[in-house]
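For reference, the structure is listed below as structure tokens.
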């Protein structure tokens, strides 16, 4: 048992995931037609100067019943092609407002199922990015893939287009589980697939899994994780299934098969965590794992880990995120903005030259400081007061006064063995499982709010 059950009962409360600060559910409806162009121009003078690009492909050929993403199930290729043309237009429109001296250090394709697109379409968009942006010497260019639609010729095409990281959504190796959640089996053995991607040493592989699905039992899920360890991916993720049937009606079907209880689900996570760390993987955050030589592990050891909506990254690859496509969220230094979540509406508005931005949040100076605090706790499991003071130009006393932390909260965490308090505040090995609780204790926005969040464990 990794997680003391008495502490679980105490701390398993609803708190933000902190993929951004402020969290996304604080973003507001944009009823005033915010001048996005001015936000873009302002971003050229802000930190970081690096650029991260996100491309959202919302389409899937079939619906996985666990899915909580913004997806569109379609076999209408005309619809998909129109969306691609709209995506190209948005890229061209946004790029003209960004400084060409700024370098792209990260490109991430997500969805939906990005590899549902024809490889030729993906190559066209990558070529467009190269025409409009200055690409750094060694950028990370990653794509999320469903292995059911991934074959050797397609992999070759993606690698020619510059992709050097493949995040493959396995979810589970148990065929009964896959069939129950309506997910197709991989088109080729995952071991063979992984070896083929990495054969020339120019691309890395992430394998993604979900725990908390119907028919997942301790022995079968341990078998899945052991098989993943044998495949030896560069990184591995164990996502907790978020059951929100009031939001995603399709998830109601899973209740007919029966979902693991909270205790059963927790044991699945504990088994995966133990197997992976015993095999030499380093735990990154709560649910990511990386090999000892991986850049994320190196960054964690050097306290240089960062994260955005696309996941964990290093401070070297971190950039302000300019996101394209329906529902995509751009993360600028002083603002966030999100495109409309309706794919048809997105396509129509882009083609008609009208604004596709649906939500906007302007980040205040104080919130930018708080973002540094939250990020350090969530990513590097430490709160280095002096380092944050040097980056923000604020004194340690000023920074602490902006947070919601109190001596009483710190003493409670310390008494439970979750933190160590000295010159810095450090999260212990036990505390990593409650890191969202620790981070939220510093966050003044969530102390009295009606916003809804998922449970911390």
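Taking segment 247-282, which residues are outside any helix (DSSP H, G or I), out of contact with any strand residue (DSSP E or B) (no Cβ under 6 Å at 6 or more places or on another chain) and either without any contact (Cβ under 8 Å) to a residue 12 or more places away in the chain or surrounded by 15 or more Cβ atoms within 10 Å (Cβ to Cβ) (or both)?
Of segment 247-282, the ones outside any helix (DSSP H, G or I) are 247-248, 258-261, 279-282.
Narrowing the set further to residues that are out of contact with any strand residue (DSSP E or B) (no Cβ under 6 Å at 6 or more places or on another chain) leaves 247-248, 258-261, 279-280.
248, 259, 260, 261, 279 - these are the residues of segment 247-282 that are outside any helix (DSSP H, G or I), out of contact with any strand residue (DSSP E or B) (no Cβ under 6 Å at 6 or more places or on another chain) and either without any contact (Cβ under 8 Å) to a residue 12 or more places away in the chain or surrounded by 15 or more Cβ atoms within 10 Å (Cβ to Cβ) (or both).
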Exercise for the section: State all residues of segment 300-341 that are in contact with a helix residue (DSSP H, G or I) (Cβ under 7 Å, 6 or more places away or on another chain), assigned to a strand (DSSP E or B) and more than 24 Å from residue 88 (Cα to Cα); if no residue qualifies, say none. Expected result: 305, 306, 307, 312, 314
Exercise for the section: Take segment 156-193 and flag every residue that is within 23 Å of residue 138 (Cβ to Cβ) and surrounded by fewer than 21 Cβ atoms within 10 Å (Cβ to Cβ). Expected result: 156, 157, 159, 160, 161, 162, 164, 165
Exercise for the section: Kindly list the number of the only condition in (1) outside any helix (DSSP H, G or I); (2) modelled with pLDDT of 90 or more; (3) not assigned by TED's automatic domain parsing to the domain that holds residue 284 that fails for residue 54. Expected result: (3)
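Return a yes/no flag: does segment 201-217 have any residue that is part of a helix (DSSP H, G or I) and surrounded by 14 or more Cβ atoms within 10 Å (Cβ to Cβ). Break it down into steps so the answer makes sense when it comes.
If we filter segment 201-217 for residues that are part of a helix (DSSP H, G or I), which is where we start, we get none.
No, segment 201-217 has no match at all.
Is it the case that residue 51 is crowded, with 20+ Cβ neighbours inside 10 Å, under 18 Å from the mean Cα position of the chain (by Cα) and over 22 Å from residue 333 (Cβ atoms)? Walk me through it before giving the result.
Values: crowded, with 20+ Cβ neighbours inside 10 Å: yes; under 18 Å from the mean Cα position of the chain (by Cα): yes; over 22 Å from residue 333 (Cβ atoms): no.
No; evaluated as a whole, the condition is false for this residue.
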Practice task
Return only the number of the condition from (1) under 19 Å from residue 164 (Cβ atoms); (2) buried (at least 18 other Cβ atoms within 10 Å of the Cβ) that residue 119 does not satisfy.
Solution key: (2)
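Determine, yes or no, whether residue 300 is closer than 18 Å to residue 47 by Cα, in contact with a strand residue (DSSP E or B) (Cβ under 9 Å, 6 or more places away or on another chain) and buried (at least 19 other Cβ atoms within 10 Å of the Cβ).
no
For (1) closer than 20 Å to residue 167 by Cα; (2) modelled with pLDDT of 90 or more, each residue gets a yes or a no:
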{"residue": "210", "(1), (2)": "yes, yes"}
{"residue": "218", "(1), (2)": "no, yes"}
{"residue": "227", "(1), (2)": "yes, yes"}
{"residue": "249", "(1), (2)": "no, yes"}
{"residue": "267", "(1), (2)": "no, yes"}
{"residue": "271", "(1), (2)": "no, yes"}
{"residue": "282", "(1), (2)": "yes, yes"}
{"residue": "289", "(1), (2)": "yes, yes"}
{"residue": "318", "(1), (2)": "yes, no"}
Exercise for the section: Return only the number of the condition from (1) touching a helix residue (DSSP H, G or I) at 6+ places or on another chain (Cβ under 9 Å); (2) without any contact (Cβ under 8 Å) to a residue 12 or more places away in the chain that residue 357 does not satisfy. Expected result: (2)
Handout entry: Which numbered condition residue 124 misses (of (1) surrounded by fewer than 18 Cβ atoms within 10 Å (Cβ to Cβ); (2) over 29 Å from residue 316 (Cβ atoms))
Key = (2)
Fill in the blank from the handout: Given (1) without any contact (Cβ under 8 Å) to a residue 24 or more places away in the chain; (2) out of contact with any helix residue (DSSP H, G or I) (no Cβ under 7 Å at 6 or more places or on another chain); (3) outside the structural domain of residue 27 (by TED's automatic domain parsing), residue 292 misses just (3)
Problem - Candidate set from segment 132-148 (those that are over 26 Å from residue 89 (Cβ atoms) and surrounded by fewer than 21 Cβ atoms within 10 Å (Cβ to Cβ)); member that is farthest from the chain's Cα centre (by Cα) - result: 137
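Out of 90, 28, I need the residue that is touching a residue at least 24 places away in the same chain (Cβ under 8 Å), crowded, with 17+ Cβ neighbours inside 10 Å, touching a strand residue (DSSP E or B) at 6+ places or on another chain (Cβ under 7 Å) and within 30 Å of residue 364 (Cα to Cα). Which one? Reasoning before the result, please.
Details: 28 fails: crowded, with 17+ Cβ neighbours inside 10 Å.
When all the criteria are applied, what remains is 90.
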Problem - Options 350, 399: the member that is crowded, with 17+ Cβ neighbours inside 10 Å and farther than 21 Å from residue 89 by Cβ - result: 399
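The values are calculated or read from the model by the stated rules, or taken from the named source; none is laboratory data. Remember, predicted model here, so these are calculated numbers, not experimental data. When we count neighbours, we look across all protein chains shown, and the Cβ atoms used for this are built from the backbone with ideal geometry, even at glycine.
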